[in-house]
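Note sheet for the following structure.
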Amino acid sequence: MTIMLGCIADDFTGATDLAGMLVQAGMRTVQIIGVPSQPLSNDVDAVVIALKSRTNPASEAVIDSLAALHWLRDVGCRQIYFKYCSTFDSTDQGNIGPVIDALMDALKTTFTIACPAFPENKRTIFKGHLFVGDTLLSESGMREHPLTPMTDSNLVRVLQRQTKKTVGLIEHSTVAAGTSAIRDRIQQLQAEETHIAIVDAISNHDLLQIGAACSELPLVTAGSGIALGLPQNFRAQGVLESQDATQNLPQTSGLRAVICGSCSQATQAQLADLIARGTPAYAIDPMRLAAGQSAVADALAWAEPLLQKGPVVVYATATAHDVRHAQKQLGVEQAGALVEDALARIAQGLVTLGVRQLIIAGGETSGAVVTKLNIHSLRIGPQIDPGVPWTVSLGETSIALALKSGNFGSVDFFSKAWKLLP
Ligand code: ADP
(Lines give C-alpha, C1' and ligand atoms only; values in the text may rest on other atoms or scores of the structure.)
Protein backbone atom coordinates (compact mmCIF):
# COMPACT_ATOMS: atom_id res chain seq x y z
CA MET A 1 0.00 0.00 0.00
CA THR A 2 1.32 3.46 -0.89
CA ILE A 3 -0.23 6.45 0.80
CA MET A 4 0.58 9.40 -1.40
CA LEU A 5 -0.60 12.35 0.61
CA GLY A 6 -0.39 12.70 4.39
CA CYS A 7 -2.38 15.59 5.83
CA ILE A 8 -2.37 17.25 9.24
CA ALA A 9 -5.49 19.34 9.90
CA ASP A 10 -5.68 21.79 12.80
CA ASP A 11 -9.34 21.05 13.61
CA PHE A 12 -11.98 18.37 13.25
CA THR A 13 -14.49 19.69 10.72
CA GLY A 14 -11.60 21.28 8.77
CA ALA A 15 -10.17 17.78 8.41
CA THR A 16 -13.48 16.47 7.05
CA ASP A 17 -13.64 19.41 4.63
CA LEU A 18 -10.15 18.59 3.29
CA ALA A 19 -10.84 14.84 3.15
CA GLY A 20 -14.01 15.52 1.16
CA MET A 21 -12.08 17.66 -1.34
CA LEU A 22 -9.49 14.92 -1.85
CA VAL A 23 -12.19 12.34 -2.48
CA GLN A 24 -13.84 14.62 -5.01
CA ALA A 25 -10.49 14.95 -6.75
CA GLY A 26 -10.24 11.14 -6.94
CA MET A 27 -8.15 10.08 -3.92
CA ARG A 28 -9.49 7.35 -1.62
CA THR A 29 -9.20 9.03 1.77
CA VAL A 30 -9.42 8.15 5.45
CA GLN A 31 -9.72 10.68 8.27
CA ILE A 32 -8.16 9.72 11.58
CA ILE A 33 -9.09 11.46 14.82
CA GLY A 34 -5.89 12.28 16.68
CA VAL A 35 -2.52 10.66 16.06
CA PRO A 36 -3.08 6.92 15.62
CA SER A 37 -1.16 4.33 17.57
CA GLN A 38 -1.21 1.70 14.82
CA PRO A 39 -0.59 1.50 11.08
CA LEU A 40 -3.61 1.65 8.77
CA SER A 41 -5.18 -1.53 7.51
CA ASN A 42 -7.13 0.12 4.70
CA ASP A 43 -6.15 0.64 1.12
CA VAL A 44 -6.14 4.42 0.70
CA ASP A 45 -4.40 7.15 -1.30
CA ALA A 46 -4.56 9.91 1.33
CA VAL A 47 -4.82 10.16 5.11
CA VAL A 48 -6.01 13.21 7.03
CA ILE A 49 -5.12 13.34 10.73
CA ALA A 50 -7.53 15.63 12.58
CA LEU A 51 -5.88 17.49 15.47
CA LYS A 52 -7.29 20.09 17.83
CA SER A 53 -4.31 22.39 17.40
CA ARG A 54 -5.79 25.66 16.14
CA THR A 55 -6.09 27.52 19.42
CA ASN A 56 -4.14 25.61 22.06
CA PRO A 57 -0.68 26.90 23.12
CA ALA A 58 1.75 26.92 20.15
CA SER A 59 4.18 24.54 21.90
CA GLU A 60 1.42 21.90 22.23
CA ALA A 61 0.30 22.42 18.62
CA VAL A 62 3.91 21.83 17.50
CA ILE A 63 4.27 18.63 19.56
CA ASP A 64 0.98 17.21 18.22
CA SER A 65 1.77 18.19 14.62
CA LEU A 66 5.23 16.60 14.78
CA ALA A 67 3.73 13.40 16.22
CA ALA A 68 1.28 13.35 13.30
CA LEU A 69 4.14 13.97 10.86
CA HIS A 70 6.17 11.08 12.24
CA TRP A 71 3.25 8.69 11.88
CA LEU A 72 2.55 9.87 8.32
CA ARG A 73 6.20 9.45 7.35
CA ASP A 74 6.32 6.02 8.96
CA VAL A 75 3.45 4.86 6.74
CA GLY A 76 5.34 6.17 3.71
CA CYS A 77 3.47 9.33 2.66
CA ARG A 78 5.21 11.02 -0.28
CA GLN A 79 3.99 14.55 0.41
CA ILE A 80 2.79 16.29 3.59
CA TYR A 81 -0.11 18.79 3.65
CA PHE A 82 -0.67 21.06 6.66
CA LYS A 83 -4.29 22.24 6.53
CA TYR A 84 -5.56 25.33 8.36
CA CYS A 85 -8.66 27.49 8.07
CA SER A 86 -9.45 29.42 4.89
CA THR A 87 -9.61 32.58 7.03
CA PHE A 88 -6.08 31.81 8.34
CA ASP A 89 -7.38 31.64 11.95
CA SER A 90 -4.34 32.34 14.16
CA THR A 91 -2.75 34.95 16.43
CA ASP A 92 0.70 36.57 16.47
CA GLN A 93 1.78 33.66 18.70
CA GLY A 94 0.61 31.07 16.17
CA ASN A 95 -0.26 28.41 15.61
CA ILE A 96 0.20 28.42 11.83
CA GLY A 97 3.73 29.90 11.81
CA PRO A 98 5.25 27.76 14.58
CA VAL A 99 3.74 24.57 13.12
CA ILE A 100 5.05 25.37 9.61
CA ASP A 101 8.52 26.07 11.08
CA ALA A 102 8.56 22.77 12.96
CA LEU A 103 7.31 20.74 9.98
CA MET A 104 9.84 22.35 7.60
CA ASP A 105 12.70 21.68 10.02
CA ALA A 106 11.62 18.07 10.59
CA LEU A 107 11.30 17.49 6.85
CA LYS A 108 14.62 19.30 6.25
CA THR A 109 12.99 21.41 3.57
CA THR A 110 13.78 25.07 2.93
CA PHE A 111 10.68 26.10 1.01
CA THR A 112 6.91 25.79 1.18
CA ILE A 113 3.83 27.75 0.21
CA ALA A 114 1.01 29.12 2.38
CA CYS A 115 -2.31 29.47 0.57
CA PRO A 116 -5.61 29.47 2.47
CA ALA A 117 -7.60 30.49 -0.67
CA PHE A 118 -10.90 28.64 -1.26
CA PRO A 119 -12.62 30.58 -4.06
CA GLU A 120 -15.68 28.30 -4.13
CA ASN A 121 -16.38 29.45 -0.55
CA LYS A 122 -15.45 33.05 -1.43
CA ARG A 123 -12.00 33.12 0.17
CA THR A 124 -9.58 34.68 -2.32
CA ILE A 125 -6.06 36.13 -2.06
CA PHE A 126 -4.84 39.07 -4.14
CA LYS A 127 -1.53 40.91 -3.62
CA GLY A 128 -1.20 38.92 -0.43
CA HIS A 129 -4.49 40.24 1.01
CA LEU A 130 -7.15 37.72 2.00
CA PHE A 131 -10.72 38.56 1.03
CA VAL A 132 -13.88 37.05 2.56
CA GLY A 133 -16.48 37.60 -0.14
CA ASP A 134 -16.15 41.24 -1.16
CA THR A 135 -14.45 42.46 2.03
CA LEU A 136 -10.92 42.32 3.34
CA LEU A 137 -10.39 39.72 6.07
CA SER A 138 -9.67 42.56 8.52
CA GLU A 139 -13.09 44.09 7.81
CA SER A 140 -15.02 40.80 7.88
CA GLY A 141 -16.74 39.22 10.88
CA MET A 142 -13.39 37.48 11.58
CA ARG A 143 -12.08 40.68 13.19
CA GLU A 144 -14.46 39.93 16.10
CA HIS A 145 -13.59 36.23 16.50
CA PRO A 146 -13.35 35.42 20.24
CA LEU A 147 -10.17 33.33 19.96
CA THR A 148 -8.42 34.29 16.74
CA PRO A 149 -9.43 37.84 15.77
CA MET A 150 -8.05 38.61 12.30
CA THR A 151 -7.36 42.35 12.14
CA ASP A 152 -4.76 42.38 9.34
CA SER A 153 -5.63 41.10 5.86
CA ASN A 154 -2.02 41.12 4.61
CA LEU A 155 -1.03 37.49 5.02
CA VAL A 156 2.67 38.14 4.37
CA ARG A 157 2.68 40.41 7.42
CA VAL A 158 0.42 38.11 9.46
CA LEU A 159 2.58 35.04 8.85
CA GLN A 160 5.87 36.92 9.23
CA ARG A 161 4.86 37.83 12.79
CA GLN A 162 4.44 34.11 13.58
CA THR A 163 7.51 32.55 11.98
CA LYS A 164 11.29 32.74 12.22
CA LYS A 165 11.53 32.07 8.48
CA THR A 166 11.34 34.71 5.75
CA VAL A 167 7.92 35.13 4.14
CA GLY A 168 7.44 36.31 0.54
CA LEU A 169 4.66 36.51 -2.05
CA ILE A 170 3.84 34.84 -5.34
CA GLU A 171 1.63 37.43 -6.99
CA HIS A 172 -1.41 36.76 -9.10
CA SER A 173 0.30 37.92 -12.30
CA THR A 174 2.70 34.98 -11.88
CA VAL A 175 -0.07 32.52 -10.95
CA ALA A 176 -2.07 33.62 -14.02
CA ALA A 177 0.97 32.93 -16.22
CA GLY A 178 0.70 29.25 -15.25
CA THR A 179 2.59 26.40 -13.65
CA SER A 180 6.05 26.98 -15.10
CA ALA A 181 5.96 30.70 -14.19
CA ILE A 182 5.06 29.70 -10.60
CA ARG A 183 7.91 27.15 -10.57
CA ASP A 184 10.38 29.82 -11.81
CA ARG A 185 9.19 32.21 -9.10
CA ILE A 186 9.63 29.49 -6.45
CA GLN A 187 13.25 29.01 -7.61
CA GLN A 188 13.84 32.75 -7.51
CA LEU A 189 12.41 33.03 -3.99
CA GLN A 190 14.57 30.12 -2.82
CA ALA A 191 17.66 31.83 -4.29
CA GLU A 192 16.73 34.94 -2.31
CA GLU A 193 16.43 32.77 0.84
CA THR A 194 12.71 33.29 1.18
CA HIS A 195 11.33 30.20 2.87
CA ILE A 196 7.55 30.52 2.78
CA ALA A 197 5.48 32.15 0.03
CA ILE A 198 1.92 33.36 0.40
CA VAL A 199 0.34 32.60 -2.99
CA ASP A 200 -2.37 34.71 -4.60
CA ALA A 201 -5.37 32.72 -5.90
CA ILE A 202 -8.77 33.92 -7.01
CA SER A 203 -10.19 30.93 -8.90
CA ASN A 204 -10.16 27.14 -9.02
CA HIS A 205 -8.06 27.46 -12.18
CA ASP A 206 -5.41 29.24 -10.09
CA LEU A 207 -5.52 26.44 -7.49
CA LEU A 208 -4.90 23.83 -10.19
CA GLN A 209 -1.87 25.74 -11.53
CA ILE A 210 -0.47 26.20 -8.01
CA GLY A 211 -1.09 22.54 -7.17
CA ALA A 212 0.83 21.43 -10.27
CA ALA A 213 3.72 23.74 -9.37
CA CYS A 214 3.93 22.13 -5.90
CA SER A 215 4.46 18.58 -7.16
CA GLU A 216 8.05 18.39 -5.86
CA LEU A 217 7.54 20.19 -2.54
CA PRO A 218 7.82 17.85 0.48
CA LEU A 219 5.43 20.14 2.39
CA VAL A 220 2.40 22.11 1.22
CA THR A 221 0.51 24.34 3.67
CA ALA A 222 -2.95 25.57 2.74
CA GLY A 223 -6.69 25.66 3.35
CA SER A 224 -8.62 22.85 1.70
CA GLY A 225 -8.62 24.57 -1.73
CA ILE A 226 -5.16 23.45 -2.86
CA ALA A 227 -6.32 19.85 -2.39
CA LEU A 228 -8.03 20.26 -5.77
CA GLY A 229 -4.68 20.63 -7.49
CA LEU A 230 -2.55 17.87 -5.92
CA PRO A 231 -4.12 14.57 -7.09
CA GLN A 232 -3.28 15.46 -10.73
CA ASN A 233 0.43 15.35 -9.77
CA PHE A 234 0.19 11.78 -8.51
CA ARG A 235 -1.78 10.83 -11.61
CA ALA A 236 0.95 12.37 -13.80
CA GLN A 237 3.55 10.35 -11.86
CA GLY A 238 1.52 7.21 -12.65
CA VAL A 239 0.91 6.31 -8.99
CA LEU A 240 -2.77 7.28 -8.76
CA GLU A 241 -5.41 5.61 -10.89
CA SER A 242 -8.38 7.46 -12.29
CA GLN A 243 -11.19 6.23 -10.11
CA ASP A 244 -14.35 6.99 -8.25
CA ALA A 245 -12.82 7.45 -4.80
CA THR A 246 -16.15 6.82 -3.04
CA GLN A 247 -16.38 3.31 -4.50
CA ASN A 248 -15.03 1.36 -1.55
CA LEU A 249 -17.18 3.07 1.05
CA PRO A 250 -18.51 0.38 3.42
CA GLN A 251 -22.30 0.00 3.14
CA THR A 252 -24.42 0.75 6.19
CA SER A 253 -27.99 -0.23 6.83
CA GLY A 254 -30.04 0.62 9.86
CA LEU A 255 -32.17 3.36 11.36
CA ARG A 256 -31.67 7.07 10.71
CA ALA A 257 -31.42 10.10 13.03
CA VAL A 258 -30.28 13.71 13.14
CA ILE A 259 -28.61 15.42 16.12
CA CYS A 260 -28.47 19.23 16.06
CA GLY A 261 -26.23 21.11 18.49
CA SER A 262 -25.40 24.03 16.24
CA CYS A 263 -27.30 27.29 16.77
CA SER A 264 -26.00 28.93 13.58
CA GLN A 265 -28.50 30.66 11.33
CA ALA A 266 -27.90 28.07 8.61
CA THR A 267 -28.67 25.18 10.99
CA GLN A 268 -31.77 26.95 12.35
CA ALA A 269 -33.16 27.24 8.81
CA GLN A 270 -32.20 23.63 7.96
CA LEU A 271 -33.89 22.34 11.11
CA ALA A 272 -37.06 24.31 10.35
CA ASP A 273 -37.06 22.84 6.83
CA LEU A 274 -36.64 19.30 8.20
CA ILE A 275 -39.51 19.72 10.69
CA ALA A 276 -41.72 21.29 8.00
CA ARG A 277 -41.16 18.15 5.90
CA GLY A 278 -42.66 16.06 8.73
CA THR A 279 -39.62 14.66 10.57
CA PRO A 280 -40.51 14.07 14.27
CA ALA A 281 -38.47 16.43 16.45
CA TYR A 282 -37.48 16.46 20.13
CA ALA A 283 -36.05 19.62 21.78
CA ILE A 284 -33.38 19.53 24.49
CA ASP A 285 -33.56 22.42 26.93
CA PRO A 286 -30.29 23.31 28.72
CA MET A 287 -32.22 24.60 31.75
CA ARG A 288 -33.85 21.16 32.19
CA LEU A 289 -30.43 19.52 31.87
CA ALA A 290 -29.02 21.85 34.53
CA ALA A 291 -31.93 20.97 36.81
CA GLY A 292 -30.84 17.32 36.51
CA GLN A 293 -33.97 16.13 34.70
CA SER A 294 -33.84 12.92 32.68
CA ALA A 295 -33.69 14.54 29.24
CA VAL A 296 -31.45 11.83 27.77
CA ALA A 297 -33.65 8.90 28.83
CA ASP A 298 -36.79 10.86 27.85
CA ALA A 299 -35.45 11.64 24.38
CA LEU A 300 -34.53 7.99 23.79
CA ALA A 301 -37.91 6.73 25.05
CA TRP A 302 -39.57 9.22 22.67
CA ALA A 303 -37.39 8.16 19.73
CA GLU A 304 -37.60 4.37 20.08
CA PRO A 305 -41.08 3.74 18.59
CA LEU A 306 -40.67 6.48 15.96
CA LEU A 307 -37.32 5.32 14.55
CA GLN A 308 -38.88 2.28 12.86
CA LYS A 309 -41.00 4.60 10.71
CA GLY A 310 -38.21 6.93 9.54
CA PRO A 311 -35.63 9.48 10.67
CA VAL A 312 -36.08 11.53 13.85
CA VAL A 313 -34.27 14.67 14.98
CA VAL A 314 -33.11 15.60 18.49
CA TYR A 315 -32.00 19.21 18.78
CA ALA A 316 -30.74 21.83 21.20
CA THR A 317 -30.67 24.42 18.42
CA ALA A 318 -32.17 27.67 19.68
CA THR A 319 -32.30 31.33 18.70
CA ALA A 320 -29.49 33.69 19.73
CA HIS A 321 -31.88 35.19 22.31
CA ASP A 322 -32.59 31.82 23.96
CA VAL A 323 -28.93 30.79 23.86
CA ARG A 324 -27.95 34.05 25.60
CA HIS A 325 -30.60 33.39 28.25
CA ALA A 326 -29.23 29.89 28.95
CA GLN A 327 -25.66 31.20 28.95
CA LYS A 328 -26.56 33.95 31.41
CA GLN A 329 -28.12 31.44 33.80
CA LEU A 330 -25.52 28.69 33.45
CA GLY A 331 -22.35 30.31 32.10
CA VAL A 332 -21.21 30.04 28.46
CA GLU A 333 -18.93 27.02 28.89
CA GLN A 334 -21.21 25.17 31.27
CA ALA A 335 -24.22 25.56 28.96
CA GLY A 336 -22.20 24.36 25.96
CA ALA A 337 -20.71 21.41 27.82
CA LEU A 338 -24.06 20.30 29.28
CA VAL A 339 -25.71 20.31 25.87
CA GLU A 340 -22.77 18.60 24.14
CA ASP A 341 -22.69 15.86 26.77
CA ALA A 342 -26.46 15.26 26.57
CA LEU A 343 -26.47 15.14 22.76
CA ALA A 344 -23.47 12.79 22.75
CA ARG A 345 -25.22 10.42 25.18
CA ILE A 346 -28.40 10.57 23.11
CA ALA A 347 -26.37 9.72 19.98
CA GLN A 348 -24.87 6.75 21.85
CA GLY A 349 -28.36 5.62 22.92
CA LEU A 350 -29.67 5.97 19.37
CA VAL A 351 -26.85 3.74 18.09
CA THR A 352 -27.78 1.17 20.75
CA LEU A 353 -31.36 1.35 19.40
CA GLY A 354 -30.05 0.46 15.93
CA VAL A 355 -29.30 3.82 14.30
CA ARG A 356 -26.55 3.36 11.70
CA GLN A 357 -27.02 6.53 9.64
CA LEU A 358 -26.53 9.70 11.65
CA ILE A 359 -26.28 13.38 10.72
CA ILE A 360 -24.75 15.74 13.28
CA ALA A 361 -24.93 19.51 12.98
CA GLY A 362 -22.25 21.53 14.79
CA GLY A 363 -18.45 21.31 14.90
CA GLU A 364 -18.09 20.95 18.69
CA THR A 365 -21.18 18.76 18.78
CA SER A 366 -19.67 16.46 16.13
CA GLY A 367 -16.46 16.20 18.16
CA ALA A 368 -18.40 15.28 21.30
CA VAL A 369 -20.50 12.63 19.52
CA VAL A 370 -17.60 11.00 17.69
CA THR A 371 -15.63 10.82 20.94
CA LYS A 372 -18.59 9.30 22.82
CA LEU A 373 -19.11 6.73 20.05
CA ASN A 374 -15.41 5.83 20.41
CA ILE A 375 -14.81 6.40 16.71
CA HIS A 376 -11.16 6.78 15.71
CA SER A 377 -11.27 6.84 11.93
CA LEU A 378 -13.66 7.64 9.11
CA ARG A 379 -13.71 6.61 5.48
CA ILE A 380 -14.78 9.57 3.34
CA GLY A 381 -17.60 9.28 0.82
CA PRO A 382 -19.61 11.50 -1.50
CA GLN A 383 -20.11 15.21 -0.91
CA ILE A 384 -23.51 16.38 0.30
CA ASP A 385 -22.67 20.10 0.11
CA PRO A 386 -19.28 21.87 -0.17
CA GLY A 387 -17.26 20.98 2.94
CA VAL A 388 -19.60 18.17 4.11
CA PRO A 389 -19.13 14.62 2.80
CA TRP A 390 -20.81 11.45 4.03
CA THR A 391 -18.34 9.38 6.02
CA VAL A 392 -18.42 5.84 7.40
CA SER A 393 -16.76 4.94 10.70
CA LEU A 394 -14.11 2.23 10.54
CA GLY A 395 -14.15 -0.26 13.36
CA GLU A 396 -16.41 -2.97 14.72
CA THR A 397 -19.68 -1.26 13.76
CA SER A 398 -19.97 0.75 10.55
CA ILE A 399 -21.96 3.93 11.09
CA ALA A 400 -22.59 6.44 8.30
CA LEU A 401 -21.95 9.92 9.69
CA ALA A 402 -22.45 13.35 8.14
CA LEU A 403 -20.63 15.89 10.33
CA LYS A 404 -21.81 19.36 9.39
CA SER A 405 -20.00 22.46 10.52
CA GLY A 406 -22.75 24.87 11.70
CA ASN A 407 -22.75 27.33 8.83
CA PHE A 408 -22.31 24.84 5.99
CA GLY A 409 -25.01 23.42 3.76
CA SER A 410 -28.09 24.52 1.85
CA VAL A 411 -31.49 24.89 3.52
CA ASP A 412 -32.60 21.39 2.42
CA PHE A 413 -29.30 19.87 3.60
CA PHE A 414 -30.84 17.10 5.72
CA SER A 415 -33.24 15.70 3.13
CA LYS A 416 -30.55 16.01 0.46
CA ALA A 417 -28.15 14.03 2.67
CA TRP A 418 -30.54 11.09 3.09
CA LYS A 419 -31.05 10.85 -0.66
CA LEU A 420 -27.34 10.18 -1.17
CA LEU A 421 -27.37 7.02 0.95
CA PRO A 422 -28.53 3.68 -0.45
P1 ADP B 1 -21.27 25.40 15.21
O2 ADP B 1 -20.59 24.48 14.23
O3 ADP B 1 -22.50 26.05 14.67
O4 ADP B 1 -20.31 26.36 15.87
P5 ADP B 1 -21.01 23.80 17.58
O6 ADP B 1 -21.59 22.46 17.87
O7 ADP B 1 -19.54 23.87 17.28
O8 ADP B 1 -21.84 24.44 16.38
O9 ADP B 1 -21.26 24.80 18.78
C10 ADP B 1 -22.52 25.05 19.30
C11 ADP B 1 -22.37 25.12 20.81
O12 ADP B 1 -23.58 25.66 21.36
C13 ADP B 1 -22.16 23.76 21.45
O14 ADP B 1 -21.24 23.85 22.51
C15 ADP B 1 -23.56 23.43 21.97
O16 ADP B 1 -23.52 22.53 23.05
C17 ADP B 1 -24.06 24.79 22.39
N18 ADP B 1 -25.52 24.89 22.42
C19 ADP B 1 -26.40 24.28 21.61
N20 ADP B 1 -27.65 24.59 21.93
C21 ADP B 1 -27.59 25.43 22.96
C22 ADP B 1 -28.58 26.12 23.73
N23 ADP B 1 -29.88 25.97 23.48
N24 ADP B 1 -28.16 26.93 24.73
C25 ADP B 1 -26.84 27.06 24.99
N26 ADP B 1 -25.86 26.45 24.29
C27 ADP B 1 -26.22 25.64 23.29
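The values are calculated or read from the model by the stated rules, or taken from the named source; none is laboratory data. Since the model is a prediction, treat every value here as computed from it, not as a measurement. Cβ sites come from the backbone with ideal geometry, for glycine too, and all protein chains shown count toward neighbours. The area values use the complete protein model at the heavy-atom level, side chains included, leaving out ligands, DNA and RNA. Shrake-Rupley method; radii C 1.70, N 1.55, O 1.52, S 1.80 Å.
Could you work out the relative contact order of the chain, using alpha carbon pairs under 8 angstrom and six or more residues apart, expressed as a whole percent?
Contact order relative to length: 17 percent.
Between R288 and R143, what FRET efficiency comes out of the Förster formula 1/(1 + (r/R0)^6) with R0 = 35 Å and r the beta carbon distance, rounded to 0.05?
After rounding to 0.05, the efficiency reads 0.45.
Describe numerically, in nm with one decimal, the distance between label points set 7 Å from Cα along Cα→Cβ at Q334 and at S180.
Label-label distance for Q334 and S180, simple model: 6.7 nm.
Using heavy-atom solvent-accessible surface (probe 1.4 Å) with all chains present, what is the largest-first order of M287, M21? Each step should come with its number before you reach the end.
On the way: M287 65, M21 10 Å².
Solvent-accessible surface, decreasing: M287, M21.
Out of the DSSP beta bridges found with both residues in the chain, what percent are antiparallel (nearest 5)?
Around 30 percent of the beta bridges assigned by DSSP in the chain are antiparallel ones.
When the helix-only estimate is applied to the chain (DSSP H runs of n ≥ 4, each -39,500 (n - 2.57), divided by the residue count), what is the mean residue ellipticity at 222 nm, nearest 500 deg cm²/dmol?
Counting only the DSSP helices, I get -11500 deg cm²/dmol.
With r defined as the distance between the Cβ atoms of E216 and T352 and R0 fixed at 51 Å, what FRET efficiency is calculated, to the nearest 0.05?
0.50
Show me the ranking of peptides 398-408, 161-171 by mean Cβ neighbours inside 10 Å, starting with the highest.
Going from most to least packed, we get 398-408, 161-171.
Where the only charges are on Cβ atoms (+1 Lys, Arg; -1 Asp, Glu), what is the dipole of the chain about its Cα centre, to the nearest 20 debye?
In debye, rounded to 20, the chain gives about 480.
Just need the relative contact order of the range 5-236 here, percent rounded to a whole number, with Cα pairs under 8 Å and 6+ apart.
Answer for the range 5-236 is 23 percent.
Using a 1.4 Å probe, what is the accessible area per residue for the chain, in Å²? Walk me through the numbers on the way to the answer.
Values: 17170 Å² over 422 residues.
Accessible area per residue: 41 Å².
Taking the highest mean first, how do the peptides 343-356, 220-233 order by number of other beta carbon atoms within 10 angstrom per residue? Don't jump to the answer; show the numbers that get you there.
Numbers: 343-356: 20.0, 220-233: 25.4.
Output ranking for 343-356, 220-233: 220-233, 343-356.
Could you list the residues of the range 366-385 with an amide nitrogen less than 15 Å from a label point located 7 Å from the Cα of E120 in the Cα-to-C-beta direction?
Answer for this model: 381-385.
What number comes out for the charge environment of E171, summing +1 per Lys or Arg and -1 per Asp or Glu over other residues with Cβ under 12 Å away?
0
When Rg is the radius of gyration of the Cα atoms in the chain and Rh is its Kirkwood radius, what does Rg/Rh come to?
Working: Rg = 21.5 Å, Rh = 22.1 Å.
Ratio value, two decimals: 0.98.
What is the gain in length, in nm to one decimal, between T2 and A276 on full extension, counting 0.36 nm per residue of separation less the C-alpha to C-alpha distance?
Residue separation times 0.36 nm, minus the Cα-Cα distance, leaves 93.9 nm.
Show which lysines lie in cross-link reach of K52 when reach means a straight Cα distance below 22 angstrom and same-chain residues fewer than eight apart are skipped.
Of all the lysines, those that pass the test against K52 - Cα under 22 Å, at least 8 places apart if same chain - are K83, K372, K404.
With the full set of protein chains in place, find how many percent of the accessible area of the chain is carbon and sulfur; take the probe as 1.4 Å.
Carbon and sulfur together cover 49 percent of it.
Round to the nearest 10 and give me the degree value, 0 to 90, for the angle of helix 179-191's Cα axis relative to the longest principal axis of the chain.
70 degrees
Let me check against my output: what whole-number percent is the relative contact order of the range 255-420, with C-alpha pairs under 8 Å and at least 6 apart?
Here the relative contact order equals 30 percent.
Cβ under 12 Å from A117's Cβ, A117 left aside: what net charge do those residues give with Lys, Arg +1 and Asp, Glu -1?
Summing Lys/Arg as +1 and Asp/Glu as -1 gives -1.
Note the full-extension length gain between H205 and V411 as 0.36 nm times their separation in residues minus their Cα-Cα distance, in nm to one decimal.
Additional length available on full extension: 71.3 nm.
Among residues other than D134 whose Cβ falls under 13 Å from its Cβ, what is the net charge (Lys/Arg +1, Asp/Glu -1)?
Charge balance near D134 sits at +1.
Measuring from label point to label point, each 7 Å out along Cα→Cβ, what is the A236 to A106 span in nm?
Placing both labels 7 Å beyond Cα along the Cβ direction yields 2.8 nm.
Note the angle between two axes, namely the Cα long axis of helix 332-352 and the longest principal axis of the Cα atoms of the chain, as a number of degrees from 0 to 90, rounded to the nearest 10.
Taking Cα atoms only, the helix is inclined about 70 degrees.
Excluding same-chain residues fewer than 8 positions from K165, which lysines have a Cα within less than 18 Å of its Cα?
Filter leaves K108.
Between D92 and K309, what FRET efficiency follows from the Cβ-Cβ distance if R0 is 51 Å, with the result rounded to 0.05?
Working: r = 55 Å, r/R0 = 1.07.
About 0.40, to the nearest 0.05.
Give the residue from G331, S410, P305 lying farthest towards the positive end of the charge dipole for the chain; charges sit on Cβ (+1 for Lys and Arg, -1 for Asp and Glu) and the dipole is referred to the Cα centre.
P305
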